[in-house]
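For reference, the structure is listed below as structure tokens.
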Amino acid sequence: MSVESLFNSRATLKSRTQTFDAFGGIKESFPDGGVQFNCRIQPSNADEKNLYDREGVTITAKAYVSPRLDATITDRVSFGSRTFIVRGVVNVDEADVYKILYLEEQK
């Protein structure tokens with residue numbers, strides 16, 4: 001059985017877009033649309049939350065995704081009505097079997 005058969009959710013990856021505003025400054029946005037992908041999203045457990053809190057990073061969920069997904073720490077993930085900030089991307093054992101996205105829910 002492949003790892004991808006465990007991906008039971010569908011989410012959208014939104015990449016950051018920078019444009020100039022009316023005053024000549026740079027405006028950052030995450031436009032609607034984006035890349036649809038299959039994943040498995042689950043909340044972080046207490047041990048993981050405590051570990052990352054000590055490092056000064058808030059991680060509320062993890063998403064297991066295909067290694068072909070080109071996600072970076074500047075992206076957002078939309079899942080239903082929830083939006084998550086990508087805080088980390090890990091290619092487990094550099095084996096290209098799956099990646100883990102470490103996510104913080106946007107408030």
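The values are calculated or read from the model by the stated rules, or taken from the named source; none is laboratory data. Only a predicted model underlies this, so the values are computations on that prediction, with no experimental measurement involved. Cβ coordinates were reconstructed from backbone atoms using ideal geometry, including for glycine residues, and neighbour counts include every protein chain displayed.
Here are some notes:
- Filter result for S15 (surrounded by fewer than 12 Cβ atoms within 10 Å (Cβ to Cβ) and out of contact with any Phe, Trp or Tyr (no Cβ under 6 Å at 6 or more places or on another chain)): no
- For the range 24-35, a tally of residues being modelled with pLDDT of 90 or more and loosely packed, with under 13 Cβ neighbours inside 10 Å returns 2.
- Looking across the range 46-99, just one residue is over 20 Å from S9 (Cβ atoms), of a type in the set (K, R) and surrounded by 13 or more Cβ atoms within 10 Å (Cβ to Cβ), and that is K49.
- Test: residue in the range 23-38 that is of a type in the set (G, A, S), under 16 Å from P67 (Cα atoms) and outside any loop (DSSP other than H, G, I, E, B): no
- Of all residues making up the range 50-100, the number that are assigned to a loop (DSSP other than H, G, I, E, B) and touching a residue at least 60 places away in the same chain (Cβ under 8 Å): 4
- Tallying residues that are without any contact (Cβ under 8 Å) to a residue 60 or more places away in the chain and more than 19 Å from I85 (Cα to Cα) within the range 1-45 yields 14.
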